[in-house]
Amino acid sequence: MSAPLLEIKAVGKRFGGFVALEGINLDVARGERLGLIGPNGSGKSTLVNCICGTLNNETGTVHFEGRALDGLPANRRTHLGLARSFQLPRPFMSLSVADNLRIPLIYAVRRRSALILSPQELDQRAIELLGMVGLEPKARRSPRDLTQVEMRKLELVRAMAAEPKLLIADEVMAGLSHSEIEDIIQLLLKLNGQGISIILIEHIMRAVMSFSQRIAVLVSGRKIADGKPDEVVNNPSVVSAYLGQ
Amino acid sequence: MNFPIELLINAAVAGLLLGGFYAAVTIGISISFGMLDVVNIAHPAFIILGSYIAYLLNQSLGVDPILAAIIVLPAFYFLGQLVYQVYYLSFERRGQDALRGLAFFFGLLFITEVVLILLFGVDYRYVEAAYIGPTWRLGFVDLPLRMLVPCLVSLLLVVVLQLWLTHTFTGRAIMAVAQDQLALQLMAANPIRIKRMAFAVSIATASLAGAFLIIIQPVEPSVGREYIGRVFAICVLGGMGSLPGTVIASMLLGVVESFTATFYGPSWAPAVAFGFLLLTLAVRPAGILGR
Amino acid sequence: MRSWLFFLSALSVGAIVFALALLIRSDYLFFAGYVILQFIVLATAWNILGGYCGYVNFGSAAFFAIGVYTSVALVKLGANPGRYLPEFLATSLKPLLPLPIVALQLFAGLIAGVVGLGMGYLTLRLRGVFFAIATLAMAVVLQTLIINWDFVGGSRGAYIVRPASVTLGPFSIGYIEYLFLLMLVLAVVALTVARLIERSRLGYGFATIRDDELAAEACGVPTLRLKLIATTISGAFMGMAGAPFPYYIGYVEPAATFGLPYAVNSIAMPMIGGTTSWPGPLLGAILLGSLQQIATVTISSAVNLLIVGVLLVGFVVIAPKGILGLIEDWRHKRAKP
């Protein structure tokens, strides 16, 4: 069993008097599929922000591939192989949908592969990625012309464009239809098949259960459970804190 | 270099008095920027406006400038409400575009200055009052009344505001808005009304600050610009929304500026605020980064 | 179209403008034209940081002044090199003196660029708001420094003697025409560079910083580095615009050089013209610059500043995307059924 890809030790974060995260310990192995669940406001997105460098955790450490991430700005962490989608989509409004994908292709991927892709190749790759989520027809449009659901898909695929080693998908399935959810799961499974670790943050329990190898539960900034899906789902404290609702 | 202790102490005292005044100038920014996150760089323009109104009332009716400022407080409050309403409708509601909001306030700053030049010209204006002129002496320490009175009234203003913020429902609502808008919505209070009220209060303080300014020194329209660096430096150093912090930071800046003016010459004083600003930005970035 | 083609086309347009102006033979036209060209450069330069990246620089006057005072300092140095430089340096430099304006511009651009870099390094790690405030404060500090620097005249000001004419090969043109020509070339260069940036990867990076800096970072964009590049280029051009100014005006003093009009105009022109692309600052500079020239002559210079301020606030509130944006929206509406 090799060393974990991502190691989160005793991470804590406060906003003024409000404790958003406390004593979080979480590991993600290479190629693992981890589900992260918890009620709204439990700290899931804050944890993602701390992992990816958008926020700085006050206590504890985050290690990626054995390397300490503390103090590293978000873009450096992306270069190292972390990528995330934002829970509330944040597309680049003045760029076309396809160009939104060019950004990680230029700035994240090129760093690692030293391969300079021509504008045509970049565009091809962008269209390819858009095709995976059915956004190809809207490639030249502005993100303003996308529906909420389409924007979430763009978020996901933009994170994928960075060719991460660990992808964090933050509530990408909200508002999707049954079959669309299936499509996303298949897409994520395919990525995982290529060796990419995935943290799936979702409220749609069915999806989380079928997708995850392991589930961690966050409630009020603390991790209250961490284990196989069946164990976690039957854990009494999880049931009362979250699933019972 | 001969360091006469009297000179040192007088410089320090002058600095503290100046600092008291700076607190009144900055209080408005502590509220609008520190608590509401509205970058009102036109605040010094409102202060200069206050100075000129105090000047008018003083020259034509002989009214004491501080009294004049209190009389026009409601007008300034109303002006603040108006400005915030325009700001809110044009910028905050449309989503974050800090550039436009900044340009808006910068435009206001500019327009105010130009209008004042058109109305009053570039001559220095000053007011007359019983306490401008005499100086108390405590031993070898000079306490010019024209500095002492504004300083004391200013500190009184800060105390009153602090009490209002911490002990009234509206005041606490404003502090809550500063922390978390969502919490306020859950309390079923309208955050926009609260914010507008707070912003109006911040502009109202400008009326008083303006009166203090013209008591302390003669005023002409471009004087406001010197204060932009100062107020933001103090606001940041003082911990953004904290009123007590603002007072401490104001005193600090006042003393350092006073020493600089005494030992290096008054033409270097404006640069001090910038040094402060850079220092605070370098030393306290954690309080400012990505809220 | 490729950039070099654009450059040549713009130069041709400029050449035509210059030729026309020579034909009309009005000195006033050259004086006024110089000011407008200068504003084209300032507005374009400001827009690289302000429009493309979304970081507002209130201290344009400071960078402009760096250019002005670099010129003054170098000219004063050149007038009497033996007094300020070691002997061998003075004698070897003598044949080069007085320095041609282009050399002054390059020096000014270099220094202004370095200052931009330094200031950016100190403040760009923080939110855009603090950068904006810092630029304003920096302008005040620089003004204080210049006022206290007697070598360039301090608050008393400095006089620069403008030669009557300049010989360029077989041609001899009046000095003001020469300055006009220089500024014309600089404007064309600035526009070409701005356009080049827009269409390059750099431009894409800038746009992401403007749209959503947090998301840009998450995508791996080196935001700090890009912002520093923008600040440096922007500052350098502003400095280059300032370098010929002492020759143009004859007498420089800090209060006017650091005056608010430069800061406001550099912001107002792009915001009124349109901040997303290079035609915006160009349009804004020409429109607003001409308007101001007319107003100054017909009404008064204070009123003309009021007009700028009111227009700025008006556009920012009502038409934030500027004239270019209005045109684009109108075309969008016409295209949609």
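Among the helices (runs of 4 or more DSSP H) lying completely within the range A:95-167, list those that include at least 3 residues that are touching a residue at least 40 places away in the same chain (Cβ under 8 Å) and more than 10 Å from chain C (Cβ to nearest Cβ).
A:148-161
Just for helices (runs of 4 or more DSSP H) wholly inside the range C:101-213: which have at least 2 residues that are out of contact with any Lys or Arg (no Cβ under 9 Å at 6 or more places or on another chain) and more than 14 Å from every other protein chain (Cβ to nearest Cβ)? Outline the logic, then answer.
On the way: elements: C:101-123, C:128-147, C:175-199.
Because the criterion is at least 2 residues that are out of contact with any Lys or Arg (no Cβ under 9 Å at 6 or more places or on another chain) and more than 14 Å from every other protein chain (Cβ to nearest Cβ), the helices (runs of 4 or more DSSP H) in the range C:101-213 that meet it are C:101-123, C:175-199.
Please state which one of A:Val208, A:Val157, A:Val172 is among the β-branched types (Val, Ile, Thr), in contact with a strand residue (DSSP E or B) (Cβ under 8 Å, 6 or more places away or on another chain) and either at positive phi or surrounded by 20 or more Cβ atoms within 10 Å (Cβ to Cβ) (or both).
Checking each option against the conditions leaves just A:Val208.
Which one of these is touching a strand residue (DSSP E or B) at 6+ places or on another chain (Cβ under 6 Å) and modelled with pLDDT under 90: A:Gln87, A:Gln148, A:Gln120?
A:Gln87
Can you confirm whether the range C:226-246 contains a residue that is part of a helix (DSSP H, G or I), without any contact (Cβ under 8 Å) to a residue 40 or more places away in the chain, among the β-branched types (Val, Ile, Thr) and under 22 Å from C:Ala62 (Cα atoms)?
Our first condition is that a residue be part of a helix (DSSP H, G or I); within the range C:226-246, this holds for C:226-242, C:245-246.
In the following step, the residues that additionally are without any contact (Cβ under 8 Å) to a residue 40 or more places away in the chain were identified as C:229.
Narrowing the set further to residues that are among the β-branched types (Val, Ile, Thr) leaves C:229.
Filter again for under 22 Å from C:Ala62 (Cα atoms), leaving C:229.
Yes - at least one qualifying residue is present in the range C:226-246.
Report yes if some residue within the range B:220-239 is polar (S, T, N, Q) and within 11 Å of chain C (Cβ to nearest Cβ); otherwise report no. Talk me through it step by step, then tell me what you get.
Here is the first cut: in the range B:220-239, the ones polar (S, T, N, Q) are B:222.
Adding the requirement that they be within 11 Å of chain C (Cβ to nearest Cβ) leaves B:222.
Yes, the conditions are met somewhere in the range B:220-239.
Conditions first: (1) among the polar types (S, T, N, Q); (2) within 10 Å of another protein chain (Cβ to nearest Cβ); (3) without any contact (Cβ under 8 Å) to a residue 12 or more places away in the chain. A:Thr54 passes all but one, so which condition is the exception?
Tallying (1) among the polar types (S, T, N, Q); (2) within 10 Å of another protein chain (Cβ to nearest Cβ); (3) without any contact (Cβ under 8 Å) to a residue 12 or more places away in the chain, A:Thr54 fails exactly one: (3).
Among the residues of the range C:278-313 satisfying the criterion of being buried (at least 19 other Cβ atoms within 10 Å of the Cβ) and among the polar types (S, T, N, Q), which is farthest from C:Ile48 (Cα to Cα)?
That would be C:Asn304.
Answer yes or no as to whether A:Thr78 is buried (at least 24 other Cβ atoms within 10 Å of the Cβ), facing chain C (nearest Cβ under 7 Å) and closer than 20 Å to A:Leu5 by Cα.
Numbers: buried (at least 24 other Cβ atoms within 10 Å of the Cβ): yes; facing chain C (nearest Cβ under 7 Å): yes; closer than 20 Å to A:Leu5 by Cα: yes.
Considered against the rule, which asks whether it is buried (at least 24 other Cβ atoms within 10 Å of the Cβ), facing chain C (nearest Cβ under 7 Å) and closer than 20 Å to A:Leu5 by Cα, A:Thr78 comes out as yes.
Out of (1) away from chain C (no Cβ under 14 Å); (2) within 16 Å of B:Phe33 (Cβ to Cβ), the odd one out for B:Ile215 is which?
(2)
Considering only the range A:13-27, state which residues are in contact with a helix residue (DSSP H, G or I) (Cβ under 7 Å, 6 or more places away or on another chain) and surrounded by 14 or more Cβ atoms within 10 Å (Cβ to Cβ).
If the condition is that a residue be in contact with a helix residue (DSSP H, G or I) (Cβ under 7 Å, 6 or more places away or on another chain) and surrounded by 14 or more Cβ atoms within 10 Å (Cβ to Cβ), then A:Lys13, A:Ala20, A:Leu21, A:Ile24 are the ones that fit.
If a residue has to be over 21 Å from B:Met147 (Cα atoms) and in contact with a helix residue (DSSP H, G or I) (Cβ under 9 Å, 6 or more places away or on another chain) to count, how many in the range B:57-82 make the cut?
The total comes to 13.
Tally time: how many residues in the range A:192-237 are free of Cβ contacts under 8 Å to residues at least 12 places away in the same chain and within 17 Å of the chain's Cα centre (by Cα)?
Count: 2.
With the condition kept exactly as written, say whether any residue in the range B:218-228 is of a type in the set (A, V, I, L, M), in contact with a Pro (Cβ under 7 Å, 6 or more places away or on another chain), at pLDDT 80 or above and buried (at least 19 other Cβ atoms within 10 Å of the Cβ).
Yes, the conditions are met somewhere in the range B:218-228.
For the range C:55-73, check the following and say yes or no: at least one residue is within 24 Å of C:Pro261 (Cβ to Cβ) and free of Cβ contacts under 8 Å to residues at least 24 places away in the same chain.
No, the range C:55-73 has no match at all.
Can you name the number of the only condition in (1) touching a residue at least 12 places away in the same chain (Cβ under 8 Å); (2) more than 10 Å from every other protein chain (Cβ to nearest Cβ); (3) of a type in the set (Gly, Ala, Ser) that A:Ala68 fails?
(1)
Got a number for residues in the range A:13-44 being more than 14 Å from chain B (Cβ to nearest Cβ) and either assigned to a strand (DSSP E or B) or touching an Asp or Glu at 6+ places or on another chain (Cβ under 7 Å) (or both)?
Counting residues in the range A:13-44 that are more than 14 Å from chain B (Cβ to nearest Cβ) and either assigned to a strand (DSSP E or B) or touching an Asp or Glu at 6+ places or on another chain (Cβ under 7 Å) (or both) gives 13.
Mind counting the residues in the range C:282-312 that are without any contact (Cβ under 8 Å) to a residue 12 or more places away in the chain and assigned to a helix (DSSP H, G or I)?
Here is the first cut: in the range C:282-312, the ones without any contact (Cβ under 8 Å) to a residue 12 or more places away in the chain are C:294, C:296-303, C:306, C:310.
Pick out the ones that are also assigned to a helix (DSSP H, G or I) and you get C:294, C:296-298, C:301-303, C:306, C:310.
Number of matching residues: 9.
Just wondering, is there one or more residues in the range C:61-68 that are of a type outside the set (Val, Ile, Thr) and within 14 Å of another protein chain (Cβ to nearest Cβ)? Outline the logic, then answer.
Here is the first cut: in the range C:61-68, the residues of a type outside the set (Val, Ile, Thr) are C:61-65, C:67.
So of that shortlist, the ones also within 14 Å of another protein chain (Cβ to nearest Cβ) come out as C:61-62.
There is at least one residue in the range C:61-68 that is of a type outside the set (Val, Ile, Thr) and within 14 Å of another protein chain (Cβ to nearest Cβ).
Can you give me the number of residues within the range C:314-325 that are within 19 Å of B:Leu89 (Cβ to Cβ) and either buried (at least 22 other Cβ atoms within 10 Å of the Cβ) or more than 9 Å from chain B (Cβ to nearest Cβ) (or both)?
Count: 5.
For the list (1) within 29 Å of A:Val109 (Cβ to Cβ); (2) out of contact with any Phe, Trp or Tyr (no Cβ under 9 Å at 6 or more places or on another chain), I need the number of the one condition that A:Ser210 fails.
Failing condition for A:Ser210: (1).
For A:Ala139, which of the numbered conditions (1) at pLDDT below 90; (2) farther than 22 Å from A:Thr46 by Cβ fails to hold?
Answer for A:Ala139: the failing condition is (1).
What pairs come up if the first residue lies in the range C:101-113 and is in contact (Cβ under 8 Å) with a residue 40 or more places away in the chain, the second is not in a helix (DSSP H, G or I), and their beta carbons are under 7 Å apart, counting only those six or more places apart or on different chains?
Here the result reads C:Ile101/C:Ala243; C:Ile101/C:Pro244; C:Leu104/C:Ala243; C:Gln105/C:Ala243; C:Gln105/C:Pro244; C:Ala108/C:Ala243, each pair linking the range C:101-113 to a residue that is not in a helix (DSSP H, G or I).
Can we say B:Val158 is crowded, with 18+ Cβ neighbours inside 10 Å, within 21 Å of B:Tyr55 (Cβ to Cβ), modelled with pLDDT of 85 or more and not basic (Lys, Arg)?
Taking the combined requirement at face value, the residue does not satisfy it.
The values are calculated or read from the model by the stated rules, or taken from the named source; none is laboratory data. All of these numbers come straight from a predicted model, not from anything done at the bench. Ideal geometry is used to build each Cβ from the backbone, glycine not excepted, and the neighbour counts take in all protein chains shown.
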